[in-house]
Amino acid sequence: MGEKMKKFILLLLIATPLFAQKIELPVSGAKNPYTIENSTYSVGFAENYGIPVWEMHVLQPQMLAGGATAKPEWKQDNRVKGNRISPKDIESIKLEPVQLYPKDHAMNNTTAQESSYLTSNIVFMNKQLKDSIWENITSSFESLAQKYGTVYTYSGPIFEKESLKIKYLLGNRIASPSYFYRVVLYFEDGKPVQKCYRIANRIPPDYERNCDISEFAYNIYQLEADTNIDFFDRDIDANFRQEKMKYLEKRVK
């Protein structure tokens, strides 16, 4: 495992707290990991993929109430080291740019909405995939925020383990993942609950169907093995110990 990324603490502070909980940002075990922090979300980079390996933000009901006010204009993020996406790249590629941190989660905060258009906040996928499965999962996270008050969301790509098998776009500068993942963490009756999904990076054969997102449910510990990322800190992870033991036992058999 490569050098561990320094853990940062994300603590949401609001005037009348619906919930106050310290949650650590994901920790990448990949090579040369680093974090880019914005006012309302953070992204993690590693290797030289050109796209983030994870994005994390907090979502609460009031964040969904505002309308988009920022001009939808992509801006290059020069904090990305090595290969990076430019606005011209977005215009030239046939795939759909997808915001890992959606502008619709930024309330009516113009600054936060503008930051959602940074090129460090996007991955590329087919429009049919974005409009079907991806958006359905986003809607489910929003519903959880409406119900439980505060949820923590994680999104990103899954690359092939063997570097030679990874495909690249835009003149071999930007890595194309085999899958995408979505994870949500929330608290029900004081106990943490997580849901995890994995989506293949291809056009779904039946994308016009209203897909049941449960079909894409995935084991969080398998995801950690796939991505070499630790999503939860020790205190949170301990609540899922029994689930993890069952998973590890199955892998040994």
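The values are calculated or read from the model by the stated rules, or taken from the named source; none is laboratory data. Source: prediction; values computed, not measured. Glycine also receives a Cβ, built like all others from the backbone with ideal geometry; neighbour counts cover every protein chain displayed. Each accessible area value is taken on the protein alone, full model and side chains, heavy atoms only, with ligands, DNA and RNA left out. Shrake-Rupley method; radii C 1.70, N 1.55, O 1.52, S 1.80 Å.
Things to note:
- Taken together, the criteria place N136 among residues that are polar (S, T, N, Q), closer than 16 Å to N126 by Cβ and not in a strand (DSSP E or B).
- Enumeration of residues in the stretch 81-109 that are of a type in the set (D, E) and under 20 Å from F141 (Cβ atoms): E96, D104
- Checked against the criterion of being within 28 Å of S163 (Cβ to Cβ), of a type in the set (G, A, S) and at pLDDT below 95, the candidates A200, A238 yield just one match: A200.
- Test: residue in the stretch 212-222 that is open to solvent by less than 60 Å² (accessible area, probe 1.4 Å) and aliphatic (A, V, I, L, M): yes
- A residue that is within 27 Å of G50 (Cα to Cα) and surrounded by fewer than 20 Cβ atoms within 10 Å (Cβ to Cβ) cannot be found anywhere in the stretch 180-192.
- Residue check, K130 of a type in the set (D, E, K, R), in a strand (DSSP E or B), open to solvent by 30 Å² or more (accessible area, probe 1.4 Å) and in contact (Cβ under 8 Å) with a residue 12 or more places away in the chain: no
- The stretch 223-235, residues that are acidic (D, E), closer than 26 Å to Y49 by Cβ and open to solvent by 30 Å² or more (accessible area, probe 1.4 Å): D226, D230
- Looking only at the stretch 48-80, and only at residues there that are open to solvent by 50 Å² or more (accessible area, probe 1.4 Å), at pLDDT below 95 and out of contact with any Ser or Thr (no Cβ under 7 Å at 6 or more places or on another chain), the one that is farthest from E142 (Cα to Cα): N48
- Pairs with Cβ under 6 Å, 6+ apart, first in the stretch 158-177 and in contact (Cβ under 8 Å) with a residue 40 or more places away in the chain, second surrounded by fewer than 16 Cβ atoms within 10 Å (Cβ to Cβ) and assigned to a strand (DSSP E or B): A175/Y168; S176/K167
- Residue check: Q113 meets all listed conditions (1) in a helix (DSSP H, G or I); (2) touching a residue at least 24 places away in the same chain (Cβ under 8 Å); (3) within 20 Å of N172 (Cβ to Cβ) but one, namely (3).
- Apart from one condition, Y152 fits all of (1) open to solvent by 50 Å² or more (accessible area, probe 1.4 Å); (2) of a type outside the set (V, I, T); (3) touching a strand residue (DSSP E or B) at 6+ places or on another chain (Cβ under 9 Å); the exception is (1).
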